[in-house]
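For reference, the structure is listed below as structure tokens.
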Amino acid sequence: MLWKGGAVAGHTVRLVTVQRIADRDLWVVPATFRDLWPLARLQRTCFEPRQAYSVFAFLVLWAWPGVRVLTARIGDELVGSVVGDRRGRHARVLNLCVSPAWRRRGIGTVLLAALERELEADLYTLMVEDKNSPAIALYRRFGYVPVAEIRHYYGRNRHGVLMQKRRGERPSWRE
């Protein structure tokens, strides 16, 4: 497997998962050092400038023990990423980003499932903006439930919803 900024011929890449999306293979693999700049560019397409992770932020997260940075690629194109960490039996989903051109095709679902498998925790938590209905719906499908609202978490009048899930719990509702 060879793509720009990622694996190099002759080197082993640990595959986290592969899935068919839009009749093409979606590869989820751990980020490499060379992925950090493309990841920062992807962040700027997914989030406002103040919320997008910088190259420096990715470098710190990528190097930090216990943190997982996973990338999703279709061919040579970086289409998504997810970042999470674990401390003891508690894991956090820190960031989930899917390219606007590839949204609503299941990539976020594949990334979140891959991260949960990588982190293997008893309790998962995440923060999501209260107006981000598609993300909230995704997290609810995975069994996350809102446990608190943090006012102005994302800026003035932009509130965060803290969501949690215990491993093995299934949602008690149907969409």
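The values are calculated or read from the model by the stated rules, or taken from the named source; none is laboratory data. Owing to the predicted nature of the structure, the values given are computational and were not obtained by experimental measurement. Methodologically, a virtual Cβ is constructed for each residue, glycine included, from the backbone with ideal geometry; neighbour enumeration extends over all protein chains shown.
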Practice prompt. Could you please let me know if Q43 is over 17 Å from A113 (Cα atoms), modelled with pLDDT under 95, among the polar types (S, T, N, Q) and not assigned by TED's automatic domain parsing to the domain that holds G155?
Written response: no
Worksheet item: Which of the strands (runs of 3 or more DSSP E) contained wholly in the range 61-113 include at least 3 residues that are outside the structural domain of L162 (by TED's automatic domain parsing) and over 19 Å from W37 (Cβ atoms)?
Response: 77-87, 90-98
Fill in: Counted residues, the range 27-57 - those being in contact with a Lys or Arg (Cβ under 7 Å, 6 or more places away or on another chain) and in contact (Cβ under 8 Å) with a residue 24 or more places away in the chain
3
Practice prompt. Would you check if there is a residue in the range 62-73 being within 30 Å of A22 (Cβ to Cβ) and in contact (Cβ under 8 Å) with a residue 60 or more places away in the chain?
Written response: yes
Worksheet entry | Options L123, L115, L138, L111: the member that is modelled with pLDDT of 95 or more and touching a His at 6+ places or on another chain (Cβ under 6 Å) | L123
Discussion item. Which residue is nearest to L94 (Cα to Cα), if the candidates are limited to the range 17-60 and must be of a type in the set (G, A, S) and assigned to a loop (DSSP other than H, G, I, E, B)?
Written reply: A52
Fill in: Any hit, the range 64-73, residues being among the hydrophobic types (A, V, I, L, M, F, W, C), more than 17 Å from T109 (Cβ to Cβ) and crowded, with 21+ Cβ neighbours inside 10 Å
yes
Worksheet item: In the range 114-144, what count of residues is obtained for those that are assigned to a loop (DSSP other than H, G, I, E, B) and polar (S, T, N, Q)?
Response: 1
Practice prompt. Just give me the residues in the range 122-166 being aromatic (F, W, Y), within 24 Å of G106 (Cα to Cα) and touching a residue at least 24 places away in the same chain (Cβ under 8 Å), in sequence order.
Written response: Y124, Y139, F142
